[in-house]
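Structure record follows, encoded as structure tokens.
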Amino acid sequence: MSQSDWPKTFSCEFFPPITAEGFTKLQTARQQLLALRPAYFSVTYGAGGSTRDRTVEIVLDTQAHSGISAAPHLTCIASTRDSIRELLNHYKAHGIRRIVALRGDMPSGMRDPGEFRYANELVAFIRAEFGDHFHIEVAAYPEYHPQASSPDKDLENFQRKINAGANSAITQYFYNSDAYFRFVDHCAGQGIDIPIVPGIMPITNFTQLARFSDACGAEIPRWIRKKLESFSDDRDAIRTFGLDVVSELCRKLLDGGAPGLHFYTMNQAGLTLAIGERLGLIAR
Ligand code: FAD
């Protein structure tokens, strides 16, 4: 199947807030994002289990109160099989059916890498222990993972996750649609036959975006970087420009056959909804 043959799914990602105020804000954003008719809401997880309790709390609250399925992210670095099994059993008991399975990055200060080395081992473990109960999402990197020894090796490693039983993938964010289209073409050439949904990062704050992008290896094209730098602290100008750029990217991706969009919402509904409106996904 080509990417355009898969049904289009839209989804939104949250991170577990630290404060009660942050929790209330997330609940408000989540309620507003229902307008996008998302297939699921996902919740990130701190590698090494640093957000374990808060992730579980948001996942179960979302599953119980939003009317939309919740999909916990789960990282395996610095973890044991027993701790992962216990968490998955907990999710299963609460009706969770979708997991975003990741390796994560070794948290600073931790030394023991744990019992899993790579995400494909986590996917295999979930399949071995829980059969087909969970729909498994994995991460994909159209601009390649920063630690990959080569693009071909990275694609091979992506394929390992699918061979281990992943059902679909969400990409790292990117601002160059060609990177996505080339990546999915290479995947098709290797016989990879799962939906690969682009991850979309709305632009709100240049300093924060630049920091994230340096850490995760996502490229901010020079012309975007230069424009954002020129706006300095003018939040309205950043918002307007970012909305134009990201909406156009999403339009190109959907027109080119992408099987949906996954929004990194940063727990805010505004820009994701504005993009959804521009794309005609939300009735005004
Ligand atoms: P892997 O697929 O294991 O790949 C990691 C690196 O190892 C790659 O360079 C790959 O080429 C290489 N590799 C993989 N398998 C092998 C192998 N068998 N042999 C040799 N090399 C191999 N991080 C969090 O901490 N919490 C989150 O909630 C979270 N959510 C994310 C959601 C999405 C959609 C994405 C794209 C990323 C997310 N991340 C999250 C970040 C992610 O944990 C990091 O990018 C991490 O560095 C890699 O995780 P992975 O699952 O892609 O790892």
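No value in this document is a laboratory result; all are computed from the given coordinates. Only a predicted model underlies this, so the values are computations on that prediction, with no experimental measurement involved. Don't worry about glycine lacking a Cβ; one is built from the backbone with ideal geometry, like all the others, and counts go over all protein chains shown.
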Cα centroid separation - the stretch 227-258 against the stretch 150-221, whole Å:
19 Å
Local charge sum around SER11 (other residues, Cβ-Cβ under 14 Å, Lys/Arg +1, Asp/Glu -1)?
+3
Find, to one decimal place in angstroms, the Kirkwood hydrodynamic radius of the stretch 105-248, where the mean of 1/r is taken over every pair of different Cα atoms and then inverted.
17.1 Å
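Return the ratio Rg/(2.2 N^0.38 Å) for the stretch 3-278, where Rg is computed over Cα atoms only.
0.97
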Can you tell me how the stretch 115-166 classifies by the Cα gyration tensor, rounded, prolate or oblate, using a/c under 1.5 as the rounded cut?
prolate
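Ranked highest first by the average count of other Cβ atoms within 10 Å around their residues, in what order do 56-69, 159-172 fall?
In descending order of packing, they fall as 159-172, 56-69.
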With the cut-off at 1.5 for a/c, could you classify the stretch 1-91 from its C-alpha gyration tensor as rounded, prolate or oblate?
oblate
Packing-ranked peptide list from 73-82, 90-99, 103-112, highest mean Cβ count within 10 angstrom first, is 73-82, 90-99, 103-112
Mind checking which lysines have their C-alpha under 29 Å from LYS252, skipping anything on the same chain fewer than 8 residues away?
LYS8, LYS153, LYS161, LYS226, LYS227
In the stretch 167-247, how does Rg compare with the Kirkwood Rh, expressed as the Rg/Rh ratio over alpha carbon atoms?
1.05
